[in-house]
Amino acid sequence: MAHNPIRPWRNIDRRKSRRIMVGRVAVGGDAPISVQTMTNTPTTDVAATIAQVQRCAVAGADIVRISTPDRESTQALKAIIAESPVPVVADIHFHYKRAIEAAEAGAACLRINPGNIGDASRVREVIRAAKDHGCSIRIGVNAGSLEKHLLEKYGEPCPEAMVESGLDHIRILQDNDFHEFKISVKASDVFLAAAAYQQLADATDAPIHLGITEAGGLLSGTVKSAIGLGNLLWMGIGDTIRVSLSADPVEEVRVGFEILKSLGLRHRGVTIISCPSCARQGFDVIKTVAVLEERLAHITTPMSLSIIGCVVNGPGEALMTDIGFTGGGAGSGMVYLAGKQSHKLGNDRMIDHIVELVEAKAAELGAKTASEAAE
């Protein structure tokens, strides 16, 4: 909300962490919390994977992860990376040689699962490849693939086992003088993941990658991720996030940004504040918001827009947003600009007019930002 001052009770004190680089994207320290997703096309289908990476980048993804389960995939990775507008993380499971090949192909980061990658000597070979090719590493601990000795020690996946696994592998990296790493301790259970992340945050200053793994479909996974990630982010924990959904990766990016936007941690695109609608509505709020979300998806400039069906809450919400429209009955409503009444408008012209106003505001703010940067 461009004209609305930040209230002190809305601030989140982020955990202090080291900063590393994933390609050109800073992760940790005072860098913005980055949003990641993962492709679901066969990596060997280079054209399809490039197209999906580019769609995710347009949606706002800062980093994209790509699975490399076999040699054919790591061979395809080089061509994909050459066309990717964002840094690529190579997802490694089971075979350490895939990590070495991915580093040689130009991956910005190697994601390794300690429970699957093998003994310390194999991890050391991965470290050597990362050093040689300027890769960072993510230690990806997962409740579903903990090391056998930890399961025997603790009896089941638990926060203590997950954090111990992560710290053991941090020591291997540090013993080999490698410090460009981040870490995650994911679980599909929200309580398990949250407890593990809280313990991890107290045990290391490494940047933390947040995720609730295998969260579910678009609706259920969004709710689960919002609860799990939202609570951790609210506590100041998390430097980069991935929302895991059984859905189009673009949706993961959108949900990730919505979670961050709701906490004031990132600002991208139009935030629409709208009522759930009722019998008082002066126009079809639900249909209007759906159309506006689609038509304003190309706007990346941070901006707030209120769409309220009647005058009960409409004027109050409009005071807090950059642009607003409040239904007034008789086929028309009131347009608000920067919190103030501007002009009446017929419902039949509302959508086109609001799109024009938003686009004009985005152009204005973009020109102002460019001018300030040039000074």
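Fully extended, how many nm does the chain gain between S145 and V355 (0.36 nm per residue separation, minus their Cα-Cα distance)?
Between S145 and V355, full extension yields 70.8 nm more.
With the convex hull built on the Cα atoms of the stretch 237-300, state its orientation-averaged projected area in nm².
Mean shadow area of the hull around the Cα atoms is 5.8 nm².
Compute the helix-to-body angle for 96-105: its Cα long axis versus the longest principal axis of the chain, expressed 0 to 90° and rounded to tens.
Around 60 degrees separate the two axes.
Rounded to a whole number, what is D in µm²/s for the chain from Stokes-Einstein with the Kirkwood radius over alpha-carbon pairs (25 °C, 0.890 mPa s)?
It diffuses with D of about 110 µm²/s by this estimate.
Shape verdict for the stretch 183-271, please, from the Cα gyration tensor: rounded (a/c under 1.5), prolate (a/b greater than b/c) or oblate.
It is oblate, given that a/c is not under 1.5 and a/b is not larger than b/c.
Expressed as an acute angle from 0 to 90° and rounded to the nearest 10, what is the orientation of the C-alpha long axis of helix 249-262 relative to the principal long axis of the chain?
70 degrees
Please report the relative contact order for the stretch 192-292, taking Cα pairs under 8 Å with a sequence separation of at least 6, and give it as a percent rounded to a whole number.
This gives 22 percent for the stretch 192-292.
Per residue of the stretch 264-275, in order, report the coupling 6.51 cos²θ - 1.76 cosθ + 1.60 (Karplus, θ = phi - 60°) as ³J(HN,Hα) in whole Hz, putting x for Gly and Pro.
So the Karplus estimates, Gly and Pro as x, are x, 8, 9, 10, 8, x, 8, 9, 9, 9, 9, 7 Hz.
What is the chain's relative contact order, in percent, from Cα pairs under 8 angstrom and six or more apart in sequence?
Normalised by residue count, the contact order of the chain is 14 percent.
Would you grab the residues whose amide H sits under 5 Å from the one on I273? Only those 5+ places off in sequence or on another chain, please, with H modelled 1.01 Å from N.
Amide H neighbours of I273: L305, S306, I307.
Keeping every protein chain in place, order E372, E294, E252 by accessible area at 1.4 Å, biggest value first, i.e. largest first.
The residues order as E294, E372, E252, largest area first.
Multiply the residue gap between L337 and E152 by 0.36 nm, knock off their C-alpha separation, and tell me the result in nm, one decimal place.
Gain on stretching L337 to E152: 60.3 nm.
How high is the FRET efficiency between H179 and D45 when r is their beta carbon distance and R₀ equals 25 Å, given to the nearest 0.05?
FRET efficiency, H179 to D45: 0.10.
What are the ³J(HN,Hα) couplings of the stretch 83-95, residue after residue, when phi is run through the Karplus curve with 6.51, -1.76, 1.60 and θ = phi - 60°? Round to Hz, x for glycine and proline.
Running phi through 6.51 cos²θ - 1.76 cosθ + 1.60 with θ = phi - 60° gives 9, 7, x, 10, x, 10, 9, 8, 8, 10, 9, 6, 10 Hz.
Would you work out the relative contact order for the stretch 299-375, in percent, from Cα pairs under 8 angstrom that are 6 or more residues apart?
22 percent
Put H267, H179 in order of accessible area, largest first, 1.4 Å probe: what do you get?
Descending accessible area places them as H267, H179.
How large is ³J(HN,Hα) for each residue in the stretch 138-146, as worked out from phi by the Karplus curve 6.51 cos²θ - 1.76 cosθ + 1.60 (θ = phi - 60°), to whole Hz, x for Gly and Pro?
So the Karplus estimates, Gly and Pro as x, are 10, 7, x, 7, 10, 4, x, 9, 6 Hz.
So, taking all protein chains as they sit and a 1.4 Å probe, how much accessible area belongs to V89, in Å² rounded to tens?
Looks like 0 Å² after rounding.
Hey, for a label at A367 modelled as a point 7 Å past Cα toward Cβ, could you say which residues of the stretch 297-333 have their backbone N under 18 Å away?
Under 18 Å, as judged by backbone N against the label point of A367, lie 300-302 of the stretch 297-333.
How about K153: which lysines have a C-alpha closer than 28 Å to its C-alpha, ignoring those fewer than 8 places off in the same chain?
Straight-distance partners of K153: K182, K186.
Hey, with R₀ at 41 Å, roughly what FRET efficiency would A297 and D13 work out to, going by the Cβ-Cβ distance, to 0.05?
Efficiency at R0 = 41 Å is approximately 0.80.
Measuring with a 1.4 Å probe in the full set of protein chains, what accessible area per residue, in whole Å², belongs to the stretch 162-321?
Normalised by residue count, the accessible surface of the stretch 162-321 is 41 Å².
Taking Cα atoms, how many degrees apart are the long axis of helix 46-59 and the longest axis of the chain, rounded to 10 and kept between 0 and 90?
Approximately 50 degrees, to the nearest ten.
Sequence-distant or interchain residues sharing an amide H contact under 5 Å with S67, placed H: which?
Amide H neighbours of S67, under 5 Å, 5+ apart: T39, D91.
Ordering K186, K224 from largest to smallest accessible area (1.4 angstrom probe), what's the sequence?
Correct descending sequence by accessible area is K224, K186.
For I137, which sequence-distant residues (separation of 5 or more, or a different chain) have an amide H within less than 5 Å of its own amide H, given hydrogens modelled in the peptide plane?
L110, F181, K182
Divide by every residue of the chain the summed helix terms, -39500 (n - 2.57) for each DSSP H run of at least 4, and state the resulting mean residue ellipticity at 222 nm, rounded to the nearest 500 deg cm²/dmol.
Helices in the chain give a 222 nm mean residue ellipticity of -14000 deg cm²/dmol.
The values are calculated or read from the model by the stated rules, or taken from the named source; none is laboratory data. Owing to the predicted nature of the structure, the values given are computational and were not obtained by experimental measurement. Glycine gets a Cβ as well: all are built from the backbone with ideal geometry, and neighbour counts include every protein chain shown. Protein only, heavy atoms only, side chains kept; ligands, DNA and RNA dropped before computing areas. Shrake-Rupley method; radii C 1.70, N 1.55, O 1.52, S 1.80 Å.
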